[in-house]
Ligand SMILES: Cc1cc2nc3c(=O)[nH]c(=O)nc-3n(C[C@H](O)[C@H](O)[C@H](O)COP(=O)(O)OP(=O)(O)OC[C@H]3O[C@@H](n4cnc5c(N)ncnc54)[C@H](O)[C@@H]3O)c2cc1C
């Protein structure tokens with residue numbers, strides 16, 4: 001029997017790749033190796049609706065489709081290294097897995113605060129189901145919660161914790177929450193909406209140290225003040241899970257650099273014919289915008305990249321890969337939906353609605369629309385989607 005297509009990373013990108021391979025007619029063996037003990041599950045609810053309720057695998061698991069019933073899932077197993085010249089990976093038990101093609105789907109893990117007294121109870125990050133289960137247990141009404149980082153995950157956790165009756169302070173270096181993604185005006189409005197719910201922001205500041213003996217009791221800021229807390233959530237960005245790929249002549253400077261067919265690139269720019277990358281860990285060029293390769297850490301990208309890999313692998317790919325990035329975020333009753341690459345904009349304008357209610361912003365680079373984002377007004381936001389195709 002031929003060696004399988006081996007997918008490393010048993011989350012959304014891995015699952016969607018297995019499904020897409022079957023959909024595009026590949027009938028050979030598929031093995032998926034993942035270090036988490038769970039079958040693939042959906043991460044967005046972990047900082048939103050599920051975090052406000054009971055966090056369980058059942059609540060977030062992806063449906064297992066008939067088409068992938070014969071996939072060999074090797075869960076709870078970490079891949080330690082890869083040898084791309086010899087088409088093998090080796091797991092933490094020392095088992096060697098040969099492959100005919102390799103799909104890298106190992107995603108990201110949270111960055112943590114670099115502080116001297118780090119081993120304290122009450123410190124959290126949110127990436128995995130186990131992270132969310134642990135955090136949920138600490139989000140008791142009246143708990144003093146400090147969230148470091150005011151990106152989407154930090155702000156979603158702030159909203160959920162506030163809804164659960166916690167006292168919430170958000171500490172971040174920027175001038176307003178989610179400002180890098182949303183632009184100044186919309187970010188300032190989102191800050192106002194959080195403050196109206198009772199969230200306190202300590203902006204333009206950073207954490208230098210933690211207070212506490214065995215459990216976290218406070219964070220020390222760079223202005224010398226201390227914010228007391230019972231729960232600390234670190235939402236300060238991510239590291240790519242690429243250490244297992246080192247020594248293979250890949251460009252791992254930010255994710256894994258791939259070409260437009262999602263084939264991993266050697267340092268000299270020549271692609272590995274049978275090594276593909278999907279999901280958050282892929283840094284790919286998108287000619288819909290420019291020649292720069294970027295990681296796009298949004299939910300639709302695992303599905304889009306998986307489909308492309310299956311098309312390329314089964315020799316059915318046509319034209320360029322030009323996915324439209326899309327994200328949403330839910331904070332209280334504010335439902336934001338976006339298409340495009342908002343961060344590329346040099347000009348952001350309110351194009352519909354009222355900033356204090358439902359509204360839509362357009363994001364422009366040199367006069368050309370590169371993104372759209374709305375609070376509510378989903379159909380209006382969706383109507384701009386065609387601009388990016
Ligand atoms: C809390 C949270 C909320 C989010 N909310 C939104 C949202 O509202 N909207 C949106 O657009 N996007 C959201 N996202 C982003 C979205 O969930 C991600 O884009 C998506 O999960 C990426 O899937 P992936 O398969 O590429 O990577 P991941 O989901 O990170 O999966 C990678 C898997 O590989 C495993 N792995 C890593 N290294 C190894 C190894 N060496 N061996 C074996 N296995 C390994 C990891 O443990 C993990 O299971 C959110 C993400 C999080 C964490």
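Before moving on, here are some points about what is shown:
- Taking residues in region 221-249 that are closer than 20 Å to residue 281 by Cβ, and partners anywhere that are more than 16 Å from the ligand (Cβ to nearest atom), the pairs with Cβ atoms closer than 6 Å and at least 6 places apart or on different chains are 249/266; 249/267.
- Residue that is surrounded by the fewest Cβ atoms within 10 Å (Cβ to Cβ), among those in region 42-52 that are in contact with a helix residue (DSSP H, G or I) (Cβ under 6 Å, 6 or more places away or on another chain) and outside any loop (DSSP other than H, G, I, E, B): 45
- Residue list for region 5-41, restricted to those being within 6 Å of the ligand (Cβ to nearest atom), over 14 Å from residue 277 (Cα atoms), touching a strand residue (DSSP E or B) at 6+ places or on another chain (Cβ under 8 Å) and outside any strand (DSSP E or B): 34, 35
- Test result for residue 2, in contact with a strand residue (DSSP E or B) (Cβ under 9 Å, 6 or more places away or on another chain) and within 29 Å of residue 243 (Cα to Cα): no
- Residues of region 354-368 satisfying the condition of being touching a residue at least 40 places away in the same chain (Cβ under 8 Å) and surrounded by fewer than 17 Cβ atoms within 10 Å (Cβ to Cβ): 355, 356
- Residue count for region 91-110, restricted to those that are in a loop (DSSP other than H, G, I, E, B) and either buried (at least 20 other Cβ atoms within 10 Å of the Cβ) or not assigned by TED's automatic domain parsing to the domain that holds residue 33 (or both): 4.
- When residue 49 is tested against the conditions (1) closer than 29 Å to residue 254 by Cα; (2) touching a strand residue (DSSP E or B) at 6+ places or on another chain (Cβ under 9 Å); (3) in contact (Cβ under 8 Å) with a residue 12 or more places away in the chain, the lone failure is (1).
- Looking across 32, 71, 27, 55, one residue alone is buried (at least 22 other Cβ atoms within 10 Å of the Cβ), more than 17 Å from the chain's Cα centre (by Cα) and farther than 26 Å from residue 246 by Cα. It is 71.
Per-residue answers, yes or no, for (1) closer than 30 Å to residue 186 by Cα; (2) within 16 Å of the ligand (Cβ to nearest atom); (3) at pLDDT 95 or above:
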position	(1), (2), (3)
97	no, yes, yes
109	yes, yes, yes
120	no, no, no
130	no, yes, yes
143	yes, no, yes
150	yes, yes, yes
155	yes, yes, yes
166	yes, no, yes
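- Restricted to region 200-307, the set of strands (runs of 3 or more DSSP E) holding at least 1 residues that are touching a strand residue (DSSP E or B) at 6+ places or on another chain (Cβ under 7 Å) and within 16 Å of the ligand (Cβ to nearest atom) comprises 231-234, 238-240, 263-265, 271-277, 282-285, 293-295.
- The set of residues in region 175-196 being surrounded by fewer than 16 Cβ atoms within 10 Å (Cβ to Cβ) and in a loop (DSSP other than H, G, I, E, B) consists of 175 alone.
- Some residue of region 42-65 being more than 9 Å from the ligand (Cβ to nearest atom) and over 30 Å from residue 161 (Cα atoms): yes
For (1) within 24 Å of the chain's Cα centre (by Cα); (2) closer than 30 Å to residue 23 by Cα; (3) surrounded by fewer than 18 Cβ atoms within 10 Å (Cβ to Cβ), each residue gets a yes or a no:
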site: 323; (1), (2), (3): yes, yes, no
site: 336; (1), (2), (3): yes, no, no
site: 340; (1), (2), (3): yes, yes, no
site: 345; (1), (2), (3): yes, no, no
site: 352; (1), (2), (3): no, no, yes
site: 370; (1), (2), (3): yes, no, no
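The values are calculated or read from the model by the stated rules, or taken from the named source; none is laboratory data. From a predicted model like this one, the values you see are computed outputs, not experimental measurements. Please note: Cβ atoms are built from the backbone with ideal geometry, for glycine as well, and neighbour counts cover all protein chains shown.
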